[in-house]
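All remarks here apply to the structure that follows.
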Amino acid sequence: MTQTLGITVDNISVTYTNSRLALYDASCYVKPGNITALVGPNGGGKSTLFKSIMGFLEPNQGKVNISGLPIHQAQKKQLVAYVPQADEVDWNFPVSVWDVVMMGRYGYMNLFRIPSAKDRRLVKESLTRVGMMDFKDRQIGELSGGQKKRAFLARALAQEAKIMLLDEPFTGVDVKTEKAIIDLLLQLRDSGHTILISTHDLASISTFCNRVILLNQTILASGKTEAVFTEENLAMTFGGLPIRSKKAEKINTIGFD
Amino acid sequence: MLLDWITEPLEYGFMVKALWVSAFVGIVCAVLSCYITLKGWSLMGDAVAHAVVPGVVVAYALGIPFAVGAFLFGFGATVAIGYVKENTRLKEDAVIGVVFTGFFAFGLMLSTKIPSNIDLFHILFGNVLGISQEDIIQTLIAGFITLLVILLRRKDLLLFCFDPNHAKAIGLNTTFMYYTLLLVLALTIVTALQTAGIILVVAMLVTPGATAYLLSDRFDRMLAIAVGTSLLSSILGVYLSYHLDAPTGACIVVLLTLLFVAAMIFAPKYGLLRRSCSKIESDGGYQ
């Protein structure tokens, strides 16, 4: 088997408990070594697709492979990092920026999660790389929108995963930070990382994403930015499609929170 | 005078016992309370506490340690809650409400039908002044297991409370963590049963953590504050109980609540006073 660091989404359907159909028959391939943008309207299933890829919810049908492995195995090998949306995080939680970034290293530590010198070094490097070393002792709620994003980006860096998923990384972020994040993503891509981001910010996509996946309830198109990211395709994506009726099935969410 | 207030109760063996058992229970509850408040599981704690009643009755009837019966039913209730939630369209609070009252009512019914020498009043409100040697041993065992599990898994449990998705993303088994936390919750309730009783145990499981959360932005400090306030309330509560001739559990919980109110008003960063001051400052700034 060849070692590819892509993500294969194979014919996924997700229906939520309230019978709302979020995704149907979604198939796509996230190509390694690229920055791929996931584009679609609100409620179009972007977050659902992310959650399915990360195994946070179990689709009613279909499966996801990461780098040729089932999700959980890929995660155990620290192949995938996930940068959450701002509203998924409890900002009042009593942890510091340093603590959060150190959580990126837990998968490498022993059972008691005692950091080694290497763990501390990587946390420091990651914080420095996103320019957050000066804020390492802040409680996470005391940060600005851009700083919050950078803190969680540093956690993903500390995890040393070759595949990164970023859910709406530019929401609540100033222009300067957006530019800095984009530069960092480009550096990561050039060092062989596979990056999938979901974003509303259509204007910036063609400046740094070389691939695009269009999504509205299902995958409408995917491929190179210049081929897929066209006005016609966008009109189709955001104009709304007749949603195929599907027998409501209950999905099984894995785990608890 | 004050010295008498402190030393007089120590002349009685049952008071000395009550003091150190309550202090121990206070520590165990305080440690867990930090996780329970951060995870938002207060209602779950209340549910487990009520659900242990049939377990206690059955245990006494069968002549096995009360802790075993209480633990099995308390933990069983959480499993039942998980099952009902997964398989119905109900929201979690409704499921918890249905399941724990069902267990509790069943326990009340059993307690009148199964002949035993248990005093329902003692289960409901605790009876640390009359605690037996055997019950102390059970309390200690349950408490030490809880402390050991939390000590060894504290970082994973904290991550699970903070960001279960990240825990999953780095390949950790969150289902296992979920049950670990439920397990120590049930064990802690068993620990606190004799001191606070079923009705008030939730206060010992939530209030210290809630107070500490208002006073600190760091988990380690929060833990220390929770243990401090809980220890203080437990020891003072036993004294109050002696001098006022009032139920021990109630005295402890009243003190815990007073400390919480004090924190709510005077907390340096999140207190009401500080908030109204900074509001005046910012209002003034616009003029």
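List of remarks:
- log₁₀ of I(q)/I(0) at q = 0.12, 0.21, 0.22, 0.27 Å⁻¹ - the range B:114-175, Debye sum with one point per alpha carbon: -0.56, -0.85, -0.90, -1.11
- Mean partner shielding of peptide A:149-157, defined as the number of other chain Cβ atoms within 10 Å of each residue Cβ, is 1.
- Evaluated with a Cβ-only charge set (Lys, Arg +1; Asp, Glu -1), the protein assembly as shown carries a dipole of roughly 1420 debye about its Cα centre, given to the nearest 20.
- Charged-residue dipole, Cβ positions (Lys, Arg, Asp, Glu), chain B about Cα centre, Debye nearest 20: 860 debye
- Ordering A:Tyr24, B:Tyr83 from the fewest to the most neighbouring beta carbons within 10 Å gives B:Tyr83, A:Tyr24.
- Within a Gaussian network of chain B (alpha carbon springs, distance under 10 Å), most fluctuating of B:Val95, B:Val56, B:Val238: B:Val95
- Here the protein assembly as shown has an Rg and Dmax of 26.9, 88 Å, counting Cα atoms alone.
- Histogrammed with a bin width of 5 Å, the alpha carbon distances of the range A:91-160 distribute as 4, 20, 31, 24, 15, 6, 1 percent, first bin at zero.
- Fewest-first sequence of B:Met109, B:Met204 by Cβ atoms within 10 Å of each Cβ: B:Met109, B:Met204
- Computed over chain A, Cα set: Rg, Dmax in Å: 18.2, 56
- Counting Cβ atoms of other protein chains within 10 Å of each residue's Cβ and taking the mean over peptide A:94-101 gives 5.
- For the range B:1-104, the list of trypsin sites (Lys or Arg not before Pro) that fall in a loop by DSSP and count at most 15 other C-beta atoms within 10 angstrom reads B:Arg89, B:Lys91.
- Stokes-Einstein D (µm²/s) once Rh is taken as the Kirkwood radius of the range B:2-272 over alpha-carbon pairs, at 4 °C in 1.567 mPa s: 68 µm²/s
- Of B:Leu259, B:Leu158, B:Leu272, the one that fluctuates the most in a GNM where chain B has Cα springs shorter than 10 Å: B:Leu272
- Cβ-to-Cβ counts within 10 Å put A:Ser126, A:Ser204, A:Ser13, B:Ser278 in ascending order as B:Ser278, A:Ser204, A:Ser13, A:Ser126, the fewest first.
- Debye-sum result for the range A:4-120 in log10 I(q)/I(0), which assumes one identical scatterer on each alpha carbon, at q = 0.09 Å⁻¹: -0.32
- Under-5 Å amide H pairs with A:Leu220, H placed in peptide plane, nonlocal only: A:Leu214, A:Leu215
- GNM result for chain A, Cα springs below 10 Å: residue of A:Asp90, A:Asp201, A:Asp174 fluctuating most strongly: A:Asp90
- Unit charges at the beta carbon, dipole of the protein assembly as shown: most positive-side option, B:Leu215, B:Tyr270, A:Val212: A:Val212
- Counting DSSP beta bridges with both ends in chain A, the antiparallel % (nearest 5): 55 percent
- Sorted peptide list for A:97-109, B:132-144, criterion being average Cβ within 10 angstrom, highest first: A:97-109, B:132-144
- Normalised Debye scattering of the range B:181-231 at q = 0.19, 0.22, 0.24 Å⁻¹ gives log10 I(q)/I(0) of -0.66, -0.82, -0.91, counting only Cα atoms as equal scatterers and leaving out solvent.
Bear in mind these aren't lab numbers, they're just calculated from the coordinates by the rules spelled out. Treat the numbers as computed from the prediction; the structure is a model and nothing was measured. Here Cβ is always computed from backbone atoms with ideal geometry, including for glycine, and neighbour counts include all displayed protein chains.
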